[in-house]
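As structure tokens, the structure follows; a few thoughts come after it.
Only the coordinates and a few stated rules stand behind these numbers; no lab work does. Predicted, not measured: the structure shown is a model, and the values here were computed from it. Note that each Cβ is placed from the backbone with ideal geometry, even for glycine, and that neighbours are counted across all protein chains shown.
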Amino acid sequence: MTKHVAVLFGGFSSERPVSLSSGKACADELEACGYQVTRIDVTRDVGSVLSALKPDVVFNALHGPFGEDGTIQGILEYLAIPYTHSGVLASALAMNKVQAKKVAKAAGIPVAEAKVLDRFSIGDKHPMQPPYVVKPVNEGSSFGVVIVKEDQSHPPQIISSPEWGYGDVVMVERYVYGRELTCAVMGDVALGVTEIIPTGHSFYDYDSKYVAGGSKHECPAKISLNIYQKIQTLALKAHQAIGCRGVSRSDFRYDDRHSENGEVIWLEVNTQPGMTPTSLVPEIAAQAGHSFGELLSWMVEDASCLR
């Protein structure tokens, strides 16, 4: 019997446009693979919609708050509908950069020094020696990320201004020089490592992630074998320490300015990595021999409750 898959996308977080793109790509491909697909642009009545629909599996293509922070996962557990990606606890943990970093550090994964502050307490004095990065605690897709360079005499005013829309708690983290590397994990296997080279952007921001031509992906990354394997090991370790399921993607910085062995720093794990045409995970999976259809079918067959 053909499995009925409900693809959840859209939603109401700041990452809605990315999710719409991910959801469409996934729904189209799952249909091509022979699944019966229902597309659901998520609103606040998603529980009653799913309750009436009774799909066999939910493919979660939501991004950002509500979609990857344990909220929708809790609704799906309550409805007892098997779903893809990570469960309630791992999703909530990974979405909170501060708590995820604590767990990663306890597991022996190298992280950058950081402090958690109320954004209004930053004022005119640097909270740490520049360069540093200010990040909202619970946002994805580089929303609200501010890089403070060495020559800046005071913190950027945007952080304490009324225009700031990313919550009052921020993480201030040492800026790590170097190359942007990412590694996908599928089940209990670390796939390949890709280097992200932003084109015309100072870092891998929203546009370089999602606008065509915004970044170049070197897949596999041109780095030494021991660094490549180290990143695979750390990505799998982070996936397991945080309790991720299905597919995840860990981001790293690799500073090789002074030696090839350099410094490797884990930044975060994405429990709902993008599945758009320019996304990293489908590319990494393809390089490992899994077509887009095979990757998505694996995720559907891997779906469960109590994740």
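From Cα pairs below 8 angstrom and at least 6 apart in sequence, can you work out the relative contact order of the range 114-174, rounded to a whole percent?
54
How high is the relative contact order of the chain, in percent, with contacts defined as C-alpha pairs under 8 Å that are six or more residues apart?
Relative contact order comes out at 22 percent.
Which shape class, rounded, prolate or oblate, goes with the range 4-84 when its Cα gyration tensor gives a ≥ b ≥ c as root eigenvalues, a/c under 1.5 marks rounded, and past that a/b bigger than b/c marks prolate?
oblate
Along the range 289-294, what does the Karplus equation 6.51 cos²θ - 1.76 cosθ + 1.60 (θ = phi - 60°) give for ³J(HN,Hα), rounded to whole Hz, x for Gly and Pro?
Here the 3J(HN,Hα) series is x, 10, 5, 4, x, 5 Hz.
What lysines does residue 97 reach when the alpha-carbon gap must be under 16 Å and sequence neighbours fewer than 8 apart in one chain are set aside?
Those lysines meeting the cut-off are 105, 115, 135.
Per DSSP helix of 4 or more residues, -39500 (n - 2.57); summed, then divided by the residues of the chain. What does that give at 222 nm, rounded to the nearest 500?
-9000 deg cm²/dmol
Hey, if you put +1 on the Cβ of every Lys and Arg and -1 on every Asp and Glu Cβ in the chain, which of 190, 219, 34 ends up farthest toward the positive end of that dipole?
Of the options given, the answer is 190.
Report the far tail of the P(r) of the chain, meaning the percent of Cα-Cα pairs longer than 27 Å.
Looking at the chain, the distances longer than 27 Å represent 41 percent of pairs.
Can you tell me which of 296, 225, 267 moves the most in a GNM of the chain? Springs connect C-alpha atoms under 10 Å apart.
Judging by the Gaussian network model, the answer is 225.
To the nearest 10 degrees, how steep is helix 16-32 against the longest Cα principal axis of the chain, on a 0 to 90 scale?
Between the helix axis and the principal axis of the chain, the angle is about 40 degrees.
Which of these, 292, 120, 59, has the largest mean-square fluctuation under a Gaussian network model of the chain (Cα springs below 10 Å)?
120
What residue among 88, 193, 46 has the largest mean-square fluctuation in a Gaussian network model of the chain, using Cα springs under 10 Å?
Highest fluctuation of the listed residues: 46.
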